Amino acid sequence: QVQVVESGGGLVQPGGSLRLSCAASGIGFVFTSIVWYRQTPPWKQRELVARITNDNTTTYADFVKGRFTISRANAENTVYLQMNSLKPEDTAVYYCNAAGIMGTMIIGGTWGQGIQVTVSA
């Protein structure tokens, strides 16, 4: 079983920065991709923010290019989302989704519980 935990959210003023962390854990789990999504309001579909694969290929949504950076941490199966120049419209619940391999099993996307990011003066 894989568990995904997000951390680092909170309240920040416009123009400020936050760094989110996503840690995926499970015995023998190795991630193949980790994707950050966000959702607001709750009834809207989650939208992709950024993605990283285990060969460090990154993908970004157009609305965060040049402001957000996704990267791997030194800790195994941990990924950061550095968010700079935050705007009020970045306010959302941010979710992490991790996919990978556990032994010989392919593990589909596992969601974290989500973390609130609020950008407001």
Stokes-Einstein at 37 °C, 0.692 mPa s, Kirkwood radius from Cα pairs: D for the chain in µm² s⁻¹? 228
Enumerate by residue number the chymotrypsin sites (Phe, Trp or Tyr not before Pro) in region 36-121 meeting two conditions: DSSP loop (anything except H, G, I, E, B), and at most 11 other Cβ atoms within 10 Å of the site's Cβ. 43
Where a ≥ b ≥ c are root eigenvalues of the Cα gyration tensor, a/c under 1.5 meaning rounded, otherwise prolate if a/b exceeds b/c and oblate otherwise, region 25-77 counts as oblate
The chain, dipole about Cα centre (Lys/Arg Cβ +1, Asp/Glu Cβ -1), debye to the nearest 20: 160
Of all the C-alpha pairs in region 81-121, what % are more than 14 Å from each other? 60
If you keep only loop residues by DSSP, which trypsin sites (Lys or Arg not before Pro) in region 47-115 have at most 14 other Cβ atoms within 10 Å of their Cβ? 65
Please calculate the 1.4 Å probe accessible area of residue 7, with all protein chains present, and give it to the nearest 10 Å². 60
Return the inverse of the average 1/r over all pairs of distinct C-alpha atoms in region 1-55, which is the Kirkwood hydrodynamic radius, in Å to one decimal. 13.4
Heavy-atom surface of the chain, accessible at 1.4 Å and reported per residue (Å²): 53
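The values are calculated or read from the model by the stated rules, or taken from the named source; none is laboratory data. From a predicted model like this one, the values you see are computed outputs, not experimental measurements. Please note: Cβ atoms are built from the backbone with ideal geometry, for glycine as well, and neighbour counts cover all protein chains shown. For accessibility, only protein heavy atoms count, side chains too; no ligands or nucleic acids. Shrake-Rupley method; radii C 1.70, N 1.55, O 1.52, S 1.80 Å.
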